[in-house]
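Where a number appears in this text, it was derived from the coordinates with a stated rule and is not lab data. Treat the numbers as computed from the prediction; the structure is a model and nothing was measured. A quick note on method: Cβ atoms are made from the backbone with ideal geometry, for glycine too, and the neighbour counts reach across all protein chains shown.
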């Protein structure tokens with residue numbers, strides 16, 4: 001089976017949902033996670049702290065610099081992700097449909113490169 005990155009995006013500055021909505025979302029994501037584990041699709045997943053907690057590391061010719069903040073200055077930021085195994089893109093898209101419903105946010109699907117492509 002091929003591996004796919006299912007990434008969850010949010011818009012910086014949008015108001016946080018009500019606590020009961022967040023609680024429902026976490027419960028739904030937990031159900032989705034357990035389902036993918038039991039079905040053999042699970043590889044890894046996790047939520048991320050806000051983009052403003054990021055540090056960007058650059059190593060250019062042995063000179064290392066570190067800067068605060070996200071690498072990309074954008075309103076939309078990565079909020080979490082799953083790495084899942086699926087038979088094909090259609091199966092990955094079906095999983096992403098469930099993931100999007102569970103987390104209440106858009107989910108982007110991208111295949112990992114095959115070993116020969118890397």
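Take residue 72 and residue 35, extend 7 Å from each Cα along the Cα→Cβ direction, and tell me the distance between the two endpoints in nm.
Going from the residue 72 label point to the residue 35 one covers 2.7 nm.
Length gain on complete extension for the stretch residue 89 to residue 113, per 0.36 nm per residue less the alpha carbon to alpha carbon distance?
Using 0.36 nm per residue and subtracting the Cα-Cα distance, I get 7.3 nm.
Please identify, among 47, 104, 79, the residue showing maximal mean-square fluctuation in a Gaussian network model of the chain using a 10 angstrom Cα cutoff.
Answer for the Gaussian network model of the chain: 47.
Taking the alpha-carbon centroid of each part, what is the distance from segment 50-95 to segment 26-44 in angstrom?
21
Sorted from largest down, give the three principal axis spans of the alpha carbons of segment 65-118, whole angstrom values.
Principal-axis extents of the Cα atoms in segment 65-118, largest first: 40, 35, 13 Å.
Arrange the following residues from fewest to most other Cβ atoms within 10 Å of their Cβ: 112, 32.
112, 32
Fewest Cβ neighbours within 10 Å first, please rank 7, 100 accordingly.
Least to most surrounded, the residues fall as 100, 7.
Compare 86, 54, 102 in a GNM of the chain, Cα atoms joined below 10 Å, and give the one with the largest fluctuation.
Residue with maximal mean-square fluctuation among 86, 54, 102: 54.
Tell me the volume per residue, in Å³, of the convex hull enclosing the alpha carbons of segment 23-118.
Enclosed volume per residue, from the Cα hull, is 139 Å³.
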